[in-house]
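**Student:** Below is one structure. I have some questions about it.
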Amino acid sequence: MTAEKKAKCSTGLTGNIAVAYAMKQINPDVVAAYPITPSTTVVEEFSSYVADGAVTTELITVESEHSAMSACIGAAAAGARVMTATSSQGLALMWEMLYIASGMRLPIVMTCVNRALSAPLNIHCDHSDSMGARDSGWIQLYSETVQEAYDNVVQAVRIAEHGNLLLPVMVCLDGFITSHSIENLCVFDDDTVKGFIGEYKLNQPSLLDVEHPTSYGAVALPDSYIESRRQLAEAMINAKDVITDVAKEYEKVSGRHYGLMERYMMDDADAAIVIMSSAAGTTKVAVDEMRKRGLKVGLLKPRVFRPFPYIEIADALKNIKSVAVLDRADSYSSFGGPLFTEIRSSLYELDKRPKIISRIFGLGGREYGVQDAVKIFEELLKIKETGKVDKLYNYITVRE
Amino acid sequence: MMKRGWKETPIRGIILEAGSSHDYATGGWRKIKPVLDSAKCIDCMLCWVFCPDSAVIVENGKMLGFDLEHCKGCGICAEECPDKVKAITMLAEEEEEEIA
Ligand code: SF4
Ligand code: SF4
């Protein structure tokens, strides 16, 4: 198979180094970044490629993440292919610029190595950072493994630059758990990546097009602002199909299947856990253990959180009796985590809805193990039996 | 000015033609307006130089009056008009122009 010939498999890389390697193969015009744990090694490794002349990228070292995203925005408006990486407080500091990147429809690709937000200060994994940015108009892809992080970064370029979208894309992977662990993965040769992403051509005059002078970032008052935002909403509505199409094309060259979500042992399942990123791997082990005991449980792992694939998620859960949504972030609504509330809302249209609970887990890198998932499955099977939910919203992996 | 629907509006909030701000009437923000006394004016062009909105109309070296579609009523022209001349008076929008 050509796909296998082109791909170099069993390369051992950490998540961050795999992302940097994908960036090397993409060879973006501009990278502007500021280091922050645990994303630092992405840009550190990439800067070696710049120093060695392995890429032709203009690397802009700036004084803060706010400036990093600002520089990315300026470069993208000038028609450059632009990438960056950040985590946690860094993403928080980019806040106002995130909205400008999406509002100006700039196809920037950013790796977000997920980390908790202060206080208390913590450098370990949870999804508070990217979940906080969920309404900023960025597409969000979540990666379970190093392989997925690499694959998502390559696909993100095509998704972002698609003519119907022109949306920035955030590729998320779990801090330390994925970013700093070595896994075997398949990487393409450079030409395959080049061929897959193609040339980037802005379909409108860029900021530097002196033949067609244009104003970027102009004011839009009540008579025009909402039209611009409506267009952004439309792009996000279109994004689902683009992400699916890019994944299909990617499968042809890689042999690896991606969609809006992964369904694991879901076909005949009575109870299911919905969970994103690396913790899905742990949960799969728990599913296998439960299945060995003859218990029908399954796992749903959303890959795409923005746009939110509410129809497909409802379809995947419609025959399940009891569902637990495990969020590695809290929205402090006293109601449930961000993934939970959107999934619960997605189920509203169903005639027969499953029972559903919200469980917050693993904040600040707190370990989530197979036994934690097993306990949740046992609780779900009890809910299935009794039809009663004791606690809609609760924490697990916490000392009581 | 043409009001486009969201599908026809150029995306990314960019402005594709140069000079389009001329088509955007902002004079409605004004609370007071400049009124010219042509008899006093010596056509020194100071008001034209200082007007931040390019709202002073000049033709063939003659100061003709104000483009009230764009004048914001800041009063800089009246302030800068030479002391010995003072050909510009700022009046409330609703006041009549009584200066002959
Ligand atoms: S009032 Fe201000 S804006 Fe109006 S003409 Fe005078 S200087 Fe220009
Ligand atoms: S500054 Fe006064 S005198 Fe000079 S052109 Fe303007 S109105 Fe006339």
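**Student:** Kindly indicate whether any position in the stretch B:40-55 is at pLDDT below 90 and not in a strand (DSSP E or B).
**Tutor:** No: zero hits.
**Student:** Here is a follow-up. For the condition within 14 Å of ligand 1 (Cβ to nearest atom), in a loop (DSSP other than H, G, I, E, B) and hydrophobic (A, V, I, L, M, F, W, C), what is the one hit in B:Leu91, B:Leu68?
**Tutor:** Selected residue: B:Leu68, the only one of B:Leu91, B:Leu68 that is within 14 Å of ligand 1 (Cβ to nearest atom), in a loop (DSSP other than H, G, I, E, B) and hydrophobic (A, V, I, L, M, F, W, C).
**Student:** Please give the number of the condition B:Arg12 fails out of (1) within 16 Å of ligand 2 (Cβ to nearest atom); (2) buried (at least 16 other Cβ atoms within 10 Å of the Cβ).
**Tutor:** Answer for B:Arg12: the failing condition is (1).
**Student:** Please determine, by comparing only the residues of the stretch B:38-53 that are loosely packed, with under 13 Cβ neighbours inside 10 Å and more than 10 Å from ligand 2 (Cβ to nearest atom), which one is nearest to the chain's Cα centre (by Cα).
**Tutor:** B:Pro52
**Student:** Let me ask something else about it. When only residues in the stretch A:214-230 that are assigned to a loop (DSSP other than H, G, I, E, B) and surrounded by fewer than 14 Cβ atoms within 10 Å (Cβ to Cβ) count, which is farthest from the other protein chains (Cβ to nearest Cβ)?
**Tutor:** A:Pro222
**Student:** If you don't mind, there's one more thing I want to ask. Kindly check whether there is at least one residue in the stretch B:67-74 that is of a type outside the set (Ser, Thr, Tyr), away from ligand 2 (no atom under 14 Å from the Cβ) and within 14 Å of chain A (Cβ to nearest Cβ).
**Tutor:** No: the stretch B:67-74 contains no residue that is of a type outside the set (Ser, Thr, Tyr), away from ligand 2 (no atom under 14 Å from the Cβ) and within 14 Å of chain A (Cβ to nearest Cβ).
**Student:** Quickly run through the stretch B:2-60 and pick out the residues that are away from ligand 1 (no atom under 16 Å from the Cβ) and either more than 9 Å from every other protein chain (Cβ to nearest Cβ) or of a type in the set (Asp, Glu) (or both).
**Tutor:** Matches in the stretch B:2-60: B:Met2, B:Glu8, B:Glu17, B:Gly19, B:Asp23, B:Ala39, B:Ile42, B:Asn60.
**Student:** Can you tell me which of (1) surrounded by fewer than 20 Cβ atoms within 10 Å (Cβ to Cβ); (2) closer than 22 Å to A:Phe176 by Cβ is the one A:Lys352 doesn't meet?
**Tutor:** Of the numbered conditions (1) surrounded by fewer than 20 Cβ atoms within 10 Å (Cβ to Cβ); (2) closer than 22 Å to A:Phe176 by Cβ, the odd one out for A:Lys352 is (2).
**Student:** Residue check: is A:Tyr150 in contact with a helix residue (DSSP H, G or I) (Cβ under 6 Å, 6 or more places away or on another chain), closer than 19 Å to A:Ala18 by Cα, surrounded by 22 or more Cβ atoms within 10 Å (Cβ to Cβ) and aromatic (Phe, Trp, Tyr)?
**Tutor:** In short, yes.
**Student:** In addition: Given (1) assigned to a loop (DSSP other than H, G, I, E, B); (2) charged (D, E, K, R); (3) more than 9 Å from ligand 2 (Cβ to nearest atom), where does B:Lys86 come up short, assuming only one miss?
**Tutor:** B:Lys86 satisfies all of (1) assigned to a loop (DSSP other than H, G, I, E, B); (2) charged (D, E, K, R); (3) more than 9 Å from ligand 2 (Cβ to nearest atom) except (3).
**Student:** Please verify whether the stretch A:241-258 includes one or more residues that are aliphatic (A, V, I, L, M) and more than 20 Å from A:Arg306 (Cβ to Cβ).
**Tutor:** Looking for residues that are aliphatic (A, V, I, L, M) and more than 20 Å from A:Arg306 (Cβ to Cβ), one finds at least one in the stretch A:241-258, hence yes.
**Student:** Further question on the same structure: Answer yes or no: is there a residue in the stretch A:339-348 that is of a type in the set (D, E, K, R) and free of Cβ contacts under 8 Å to residues at least 24 places away in the same chain.
**Tutor:** yes
**Student:** Is one or more of the residues making up the stretch A:96-116 more than 14 Å from every other protein chain (Cβ to nearest Cβ), of a type in the set (A, V, I, L, M, F, W, C) and part of a loop (DSSP other than H, G, I, E, B)?
**Tutor:** Yes: one or more hits.
The values are calculated or read from the model by the stated rules, or taken from the named source; none is laboratory data. None of these values were measured; they are calculated from a predicted model. Note that each Cβ is placed from the backbone with ideal geometry, even for glycine, and that neighbours are counted across all protein chains shown.
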